[in-house]
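The next block holds one structure in the form of structure tokens; read it before the comments.
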Amino acid sequence: MKILVADDDPQLVRALRITLAAHGYDVVAAPDGAAAIALAAQQRPDIVMLDLGMPRLDGIEVIHALRGWTSVPILVVSGRTGSADKVEALDAGADDYVTKPFQVDELLARLRALVRRSGDGSTPSSDAPIVRFGAVEVDLAATRVTRDGEVVHLTPTEWRMLEFLARNPGTLVTRQTLLKDIWGTDQVADSGYLRLYMSQLRKKLERDPARPQHLLTEQGMGYRLVLEG
């Protein structure tokens, strides 16, 4: 499993090389955004891990460039903790976001989850249903979402969250259940990530994201997909 680490902090890159290699990952490193794009094309990594504040090209520009030709899972590891930075990265096409400083165990858990999700859905089940709400059609077998007949691009994490809700329509799905399904553990702290991903889904799928009719929040508990608005 090859990981491209793009960060201009040589000490962090060195530490990540040692840690990730000890867990069976093959690490290639890029010191800036331009090098990250070039290495991604040359090395074809299985996961890209990148900082936002890099020289030459910043992380957001790298994400946009990569998403022009690849769906490789992208994990942002950044010292920027503001919600606006997280939303911008997720909007650009990142699949997950971890803030510095981070716990190694959580980072490894998120990497494992990205590996699983990048393979999930590659062999669709024959009896997976099509779920419809509003103008949206979720084809669970083809792992495809359309709105008004147009294909909607979802990141792997957005798809995983929507898929779980679509397989349990009308049912309250707790935050702990989603965390365990998406990241493989209920020990990963929900630092607003579920709220951010739900916000992204509403922007892409709801007629009025500010007044959702289908992707609903159950305050203090979790989320529910309502098929009839």
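FYI, it's all coordinate maths here, none of it is from the lab. Every value quoted in this text rests on a predicted model; they were computed, and no experiment measured them. A quick note on method: Cβ atoms are made from the backbone with ideal geometry, for glycine too, and the neighbour counts reach across all protein chains shown.
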| said: I need the shape label for segment 2-119. Rule: rounded when a/c is under 1.5, else prolate if a/b > b/c, else oblate, with a, b, c from the alpha carbon gyration tensor. | reply: rounded
| Estimated translational D of segment 130-225 in µm²/s (Stokes, Kirkwood radius over Cα pairs; 37 °C; 0.692 mPa s) | 244 µm²/s
| Whole-Å semi-axes of the chain's equivalent ellipsoid, largest first, each the root of 5 times a Cα gyration tensor eigenvalue? | 31, 18, 17
| query | If contacts are Cα pairs under 8 angstrom and at least 6 residues apart, what is the relative contact order of the chain in percent? | reply | 13 percent
| remark: Relative to the chain, whose Cα atoms define the longest principal axis, helix 104-119 and its Cα axis are tilted in degrees, nearest 10, by 60 degrees
| note | Distance in nm between ARG112 and GLU218 label points, each 7 Å along Cα→Cβ, equals 2.8 nm
| In the neighborhood of LEU215, defined by Cβ-to-Cβ distances under 9 Å, what is the net charge if each Lys or Arg adds +1 and each Asp or Glu adds -1? | +1
| Which angle from 0 to 90°, rounded to the nearest 10, does the C-alpha axis of helix 33-43 make with the longest principal axis of the chain? | 80 degrees
| Cα-centred dipole magnitude for the chain, charges only on beta-carbon of K, R (+1) and D, E (-1), debye, nearest 20 | 200 debye
| Helix 10-22 axis, angle to the chain major axis (alpha carbon atoms, nearest 10°) | 70 degrees
